[in-house]
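Scroll down for the structure; my scribbles are underneath it.
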Amino acid sequence: MFASLLQPTWAGLLLLLATNLTLWLWVWRVPPIVLTVRSLPLGGLGLALPGLILLQDVYATEPVLRHELVHQQQMRRYSPLGTSLLLGWHYGVGFLRLRRMGRVAFWSLWATNPLEHEALRGMNRTEPLPKLIDWRGKRLGLMAKVRQVLRKF
Ligand SMILES: [Zn+2]
């Protein structure tokens with residue numbers, strides 16, 4: 001089964017490109033949906049997926065939201081597939097390099113990730129937040145509304 005996953009086909013490539021194009025249009029056309037969750041993998045404070053932002057409930061603050069919004073902008077700029085390839089290259093090559101040196105630490109790779117550097121710089125921006133959608137489908141415009149309306153997932 002895994003061998004078939006490693007053998008690319010034209011149909012698989014077309015499906016991948018069509019999925020990327022659909023998600024790319026989605027992140028351009030639909031405001032991100034914001035959910036709060038109790039925990040995230042690796043203890044992350046937030047997680048951005050195409051069109052979806054997950055915030056750890058106790059850290060659902062405006063700076064963390066702005067950080068994840070920068071990741072949404074990166075998905076618009078590079079497409080979800082392009083962003084995944086950039087992340088895969090950074091973490092894949094970094095993992096192999098660190099493993100050769102005998103140490104593997106996700107957070108050291110995270111700290112050297114250029115996409116994270118850009119998102120960290122975006123945490124203290126002050127321009128108005130873009131339109132957001134909470135998990136019930138309401139459009140949000142201000143962080144005060146985000147805090148007021150977001151419910152624990
Ligand atoms: Zn980040």
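The values are calculated or read from the model by the stated rules, or taken from the named source; none is laboratory data. Everything quoted here is computed from the prediction, not taken from an experiment. Cβ coordinates were reconstructed from backbone atoms using ideal geometry, including for glycine residues, and neighbour counts include every protein chain displayed.
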Quick check on my filter: what residues within the range 6-25 are over 16 Å from Ser84 (Cα atoms) and either among the basic types (Lys, Arg) or within 15 Å of the chain's Cα centre (by Cα) (or both)?
none
Working only within the range 23-54, note down all residues that are within 19 Å of Trp107 (Cβ to Cβ) and of a type outside the set (A, V, I, L, M).
Ser39, Pro41, Gly43, Gly44, Gly46
Unique match (being farther than 20 Å from Ile33 by Cα, modelled with pLDDT of 90 or more and surrounded by 15 or more Cβ atoms within 10 Å (Cβ to Cβ)) among Leu86, Leu81, Leu52:
Leu86
Mind listing just one residue for me: the one in the range 31-49 that is within 11 Å of the ligand (Cβ to nearest atom) and under 17 Å from Leu129 (Cα atoms) and, of those, surrounded by the fewest Cβ atoms within 10 Å (Cβ to Cβ)?
Ala48
Considering only residues of the range 89-132 that are exposed (fewer than 14 other Cβ atoms within 10 Å of the Cβ) and small (Gly, Ala, Ser), which is nearest to the chain's Cα centre (by Cα)?
Ala111
So which residues in the range 52-66 are out of contact with any strand residue (DSSP E or B) (no Cβ under 6 Å at 6 or more places or on another chain), in contact (Cβ under 8 Å) with a residue 12 or more places away in the chain and not aliphatic (A, V, I, L, M)?
Gln56, Tyr59, Glu62, Pro63, Arg66
Evaluate the following for Arg77: is it charged (D, E, K, R) and away from the ligand (no atom under 14 Å from the Cβ)?
yes
